[in-house]
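Sharing a structure with you now.
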Amino acid sequence: MTENYDHYISRHIRRVYLKRLLSPIIYLGILASLWIFFPLAETLFPRHLDNPHNLSDYSHSRSSYIETELTDLYFTGYTSTFFDRTNGYYYYTLWEEQCVIVLLSPHTCEEGLPHIDSVKIRGRVLEGGNAYTSLMNNLAGDLNWTRDGISEKMSSCYISEPAFRLSFTAFFFGVYLVTGLYALIRLLLNVLYICFPVLCPACRQLGLFGKPSVLLAQAETELATLPQLATEDMFITEHYFIVLASYGVAVIPIAEMLWIYKYSTLHKILWYHFSISYTLHITANKHLYIQCPKNMKSDIDGIIDYLSEANHNILVGFSEENRIKVHNMQHYRLHTEKLTAFFQKKKNKDDLS
């Protein structure tokens, strides 16, 4: 048994956090794929369009997001609609002897101003579709030009400000950044807990009752030498109650326990009841609460019986009376600790003076 349980708590902590490495790694891989296949950076930091002659070079999906400053724009008289709602106004401007078509949002052009002296926009360079072809045909008729003649002066691409959708991209990028940062932090913490098990949350909770490294070493020694009671994932030593489950780890000094009880959960699918599981609830000093779910009734009963014998001050069973007692005990101890700390601080000041 000494060989089986030697440093068993630390080894279990490493196994738990090794398994937890998988989900953040997969999620960060998904985010990396999105970054590669979708133009997230290009949307937030668009390229500057400085001349219209190579407009078609910007029409590729990753380079189509641009920002530019245009002057002397004239309203064509044509609009773009989406579900009977005007979402853009077509303007044209002469730029280095090239006629450039620009679709401005209603806010930018104030619902179709006849002439705009200068405007700085962010937009997308798009290949002209059926709507753009119809616009060129109508403009050719308005200007008494031929279709071929207007094609020589106009590019097959145009600039669309409504297609830039910065608000959606910014929201998506915010979610991307926050969730990616969270996944990276979880990954780094899991690696830290694997390298240094004493830093994991379960061991840090021991800091409520003393030095975590010392208490963890004591618990591991007791578990390795002679555990008093053992179930599938719960152990009792001389001074500690230890949970080593797939969902996590808990190490609690028995002397610090205040209240224990079990709670049953009925599992069913539709109207068919197929099993009952039991959860052990433990309340300890320093407002520490532990739940051990999905256990067998016999295991829970054995744990409760042994803990109540090991510490006769533990309240057993769920009742309103016990709940009030535990609340009063913790409230009283909290004020007692504050009062003790106050007088200790005052004593230290008096000694210095």
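The values are calculated or read from the model by the stated rules, or taken from the named source; none is laboratory data. Keep in mind the model is a prediction, meaning the values are calculated, not measured. Neighbour counts run over all protein chains shown; Cβ positions are idealised from the backbone, glycine included. Ligands, DNA and RNA are excluded from the accessible area calculation, which covers all protein heavy atoms including side chains. Shrake-Rupley method; radii C 1.70, N 1.55, O 1.52, S 1.80 Å.
With all protein chains present, how much of the accessible area of the range 48-108 (probe radius 1.4 Å) comes from carbon and sulfur, to the nearest whole percent? Can you show the working numbers first?
Details: 1520 of 3310 Å².
Ligands and nucleic acids excluded, carbon and sulfur give 46 percent.
Ok, one more. Within the chain, what's the longest run with no GluC sites (Glu not before Pro) in a DSSP loop and at most 15 other beta-carbon atoms within 10 Å? Give the range, please. Please report the intermediate quantities before stating the final value.
Working: sites that count: Glu3, Glu96, Glu97, Glu110, Glu111, Glu232, Glu238.
Longest stretch, sites excluded: 112-231.
For the range 125-203, what's the relative contact order in percent, using C-alpha pairs closer than 8 Å and at least 6 residues apart? It would help to have the intermediate numbers written out before the result.
On the way: 25 pairs, mean separation 21.6, N = 79.
Relative contact order comes out at 27 percent.
Moving on. List the chymotrypsin sites (Phe, Trp or Tyr not before Pro) in the range 1-96 that DSSP assigns to loop (not H, G, I, E or B) and whose Cβ has at most 16 other Cβ atoms within 10 Å. Which are they?
Working: sites: Tyr5, Tyr8, Tyr17, Tyr27, Trp35, Phe37, Tyr58, Tyr65, Tyr74, Phe75, Tyr78, Phe82, Phe83, Tyr89, Tyr90, Tyr91, Tyr92, Trp95; in loops: Tyr5, Phe83.
Taking the range 1-96 and a limit of 16 other Cβ atoms within 10 Å, the loop chymotrypsin sites (Phe, Trp or Tyr not before Pro) found are Phe83.
I've got another one for you. Given springs between every Cα pair under 10 Å in a Gaussian network model of the chain, which of Val251, Val191, Val100 has the largest fluctuation?
Largest GNM mean-square fluctuation: Val100.
Now a separate question. Specify which labelled value, from (i) 120; (ii) 150; (iii) 298, agrees with volume of the Cα convex hull per residue in Å³ derived from the coordinates of the model shown.
Evaluating volume of the Cα convex hull per residue in Å³ on these atoms matches (iii).
Right, here's the next one. In deg cm²/dmol and to the nearest 500, what is the mean residue ellipticity at 222 nm of the chain if only DSSP H runs of at least 4 residues count, each as -39500 (n - 2.57), divided by the residue total?
Details: 10 runs with 149 residues, N = 353.
Calculated mean residue ellipticity at 222 nm is -14000 deg cm²/dmol.
Please calculate how many Å² of accessible area the chain carries per residue, with a 1.4 Å probe and no DNA, RNA or ligand atoms counted.
Numbers: 21130 Å² over 353 residues.
Heavy-atom SASA per residue in the chain reads 60 Å².
Under 10 Å, Cα contacts only: if you run a Gaussian network model on the chain, which one of Pro197, Pro24, Pro162 comes out with the highest mean-square fluctuation?
Judging by the Gaussian network model, the answer is Pro162.
Quick one: length gained pulling His107 to Asn51 fully straight, 0.36 nm per residue minus the C-alpha distance?
Full-extension gain reported as 17.7 nm.
With contacts defined as alpha carbon pairs under 8 Å and 6 or more residues apart, what's the relative contact order of the chain in percent?
So the answer I get is 15 percent.
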